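Undergrad: Could you have a look at this structure, given as structure tokens, before my questions?
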Amino acid sequence: MTLEDARALDATDPLAARRDDFLLPEGVIYLDGNSLGALPKATPAALADVATRQWGDRLIRSWNEGWIDAPQRIGAKIAPLIGAAADSVIIGDTTSSHLFKALVAALRSNPARHTVLSEAGNFPTDLHIAEGAVGCVPGARLKVVAREDLATALDDDTAVLLLTHVHYKTSDRFDMAAWTARAHAAGALMLWDLSHSVGAVPIDLTAANADLAVGCTYKYLNGGPGAPAFLYVAKRWQDSLASPLSGWMGHAAPFAFEDAYRPAPGMKRWLAGTPAMLSTAALETALDLWADIDQHAVATKSARLFDILAAAGDALGLDCVSPRDPARRGSHISFRHPQAYALTQALIARGVIGDFRDPDILRLGLTPLYLSHEDVWRAGDILRETLESEAWRDPAFAERLAVT
Ligand SMILES: *Cc1c(COP(=O)(O)O)cnc(C)c1O
């Protein structure tokens, strides 16, 4: 792959114009959109409108002018990205808190079963929250096994199988339909964490017959730092599962001010407290960019961007830990390197922003909406220069920051 080849791919790229929807700093090749998505051009004005007009001028009237229904309205905008019915998704809270609610609800719905099964090395919050959730349900326990042992660990005590669709380190992707079918064959519910796959790979929860899903909106969906997360509950479970965080916004009639809790019908029962409207507005603006984007065009471009960096890594003798088969991975590429932290910092100093995942992974996110093939080719060339010059040996690059 030469620079000319990359430019030729850009010339026929159906997503090329989307780059113009984002504000990115000069001199930066941003390969960390899988951790914090870039800023959409429309977001600063949307935030200013919420602050000055909706809050400043309309004041409390804004709750009846679009705020109170925002969690469901925005959930419906996420639904097509995950193959869900519009009324089976809601936004709010964080991925962590949705995981907690979904796990406790699932455990309580089937007291004959006690185990939450998950994968060793899953994203930390998934395992930490599962540990907390089983602690809240008498008799429940968490079983964490290696990926190759998951199928045999599924048994007649498994209440929920909790898996992250695309692995945050390696980019490995589970076959959603096959694993959901396995969970169901064992009599368990299937809960997917889509944080590293939504906006990166095509997802069809309905076709897979999934029960529950959660996911992040500040990664590939560009909702902004700490943007509200989403929760999906299959229609067939919406009446029988109940949130353990039984707050007033999930009540059937919050403004009846009743003493006793009565869960709202549908997805609204998963709300607990008042929605955070500033971050909710930023998320809605970012989602509007996805309205006319073809998920398959995103996947095709992601695969090409991956190939460019995979070829650069191969030429440098780097150990790529991500699957070569695009159907088996997400939209980031990870290389193992003994000095991955210093290498990541040296790349950032050269304008190529990726990240480091402990202990030895250099992770580079490939976001098809705002990266060109040329950007990614240039990033590969800067990676080559950084390795060949051994610039990463500068002691300044070894100093650990709080967020890696
Ligand atoms: C990013 C990520 C999260 C983030 O959870 P928060 O509650 O938003 O901090 C959760 N799970 C996975 C798999 C992630 O990649």
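The values are calculated or read from the model by the stated rules, or taken from the named source; none is laboratory data. Every value quoted in this text rests on a predicted model; they were computed, and no experiment measured them. We place every Cβ from the backbone using ideal geometry, glycine too, and count neighbours over all the protein chains shown.
Undergrad: For region 112-125, check the following and say yes or no: at least one residue is part of a helix (DSSP H, G or I), within 16 Å of the ligand (Cβ to nearest atom) and closer than 29 Å to Gly223 by Cβ.
TA: Yes, because at least one residue in region 112-125 is part of a helix (DSSP H, G or I), within 16 Å of the ligand (Cβ to nearest atom) and closer than 29 Å to Gly223 by Cβ.
Undergrad: A further question follows. Exactly one of (1) touching a residue at least 40 places away in the same chain (Cβ under 8 Å); (2) touching a strand residue (DSSP E or B) at 6+ places or on another chain (Cβ under 7 Å) is unmet by Thr367. Its number?
TA: Unmet for Thr367, out of (1) touching a residue at least 40 places away in the same chain (Cβ under 8 Å); (2) touching a strand residue (DSSP E or B) at 6+ places or on another chain (Cβ under 7 Å): (2).
Undergrad: Name every residue in region 175-198 that is within 12 Å of the ligand (Cβ to nearest atom) and either in a loop (DSSP other than H, G, I, E, B) or farther than 18 Å from Trp237 by Cβ (or both), in order of residue number.
TA: Result: Leu194, Ser195, His196, Ser197, Val198.
Undergrad: Within the set of pairs 6+ apart or on separate chains, which have a first residue in region 115-134 that is within 18 Å of Asp149 (Cα to Cα), a second that is aromatic (Phe, Trp, Tyr), and C-beta atoms under 6 Å apart?
TA: Phe123/Tyr168
One line per residue, one yes/no per condition, for (1) outside the structural domain of Gly266 (by TED's automatic domain parsing); (2) closer than 17 Å to Gly247 by Cα; (3) more than 15 Å from the ligand (Cβ to nearest atom); (4) touching a residue at least 24 places away in the same chain (Cβ under 8 Å):
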| site | (1), (2), (3), (4) |
| --- | --- |
| Pro71 | no, yes, yes, yes |
| Ile74 | no, no, yes, yes |
| Lys77 | no, no, yes, yes |
| Leu81 | no, no, yes, yes |
| Ser88 | no, no, yes, yes |
| Ile91 | no, yes, no, yes |
| Ser97 | no, yes, no, yes |
| Ala106 | no, no, yes, yes |
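Undergrad: In region 19-30, which residue that is out of contact with any helix residue (DSSP H, G or I) (no Cβ under 6 Å at 6 or more places or on another chain) and over 23 Å from Ser279 (Cβ atoms) is surrounded by the fewest Cβ atoms within 10 Å (Cβ to Cβ)?
TA: Only one residue fits best here, namely Glu26.
Undergrad: Here's a follow-up. Go through the residues of region 235-242 one by one and say whether even a single one is in contact with a Ser or Thr (Cβ under 6 Å, 6 or more places away or on another chain), within 16 Å of the ligand (Cβ to nearest atom), assigned by TED's automatic domain parsing to the domain that holds Thr280 and of a type in the set (A, V, I, L, M).
TA: No, there is no match, as no residue in region 235-242 is in contact with a Ser or Thr (Cβ under 6 Å, 6 or more places away or on another chain), within 16 Å of the ligand (Cβ to nearest atom), assigned by TED's automatic domain parsing to the domain that holds Thr280 and of a type in the set (A, V, I, L, M).
Undergrad: In region 155-174, which residues are among the charged types (D, E, K, R) and either within 10 Å of the ligand (Cβ to nearest atom) or under 16 Å from Pro124 (Cβ atoms) (or both)?
TA: Lys169
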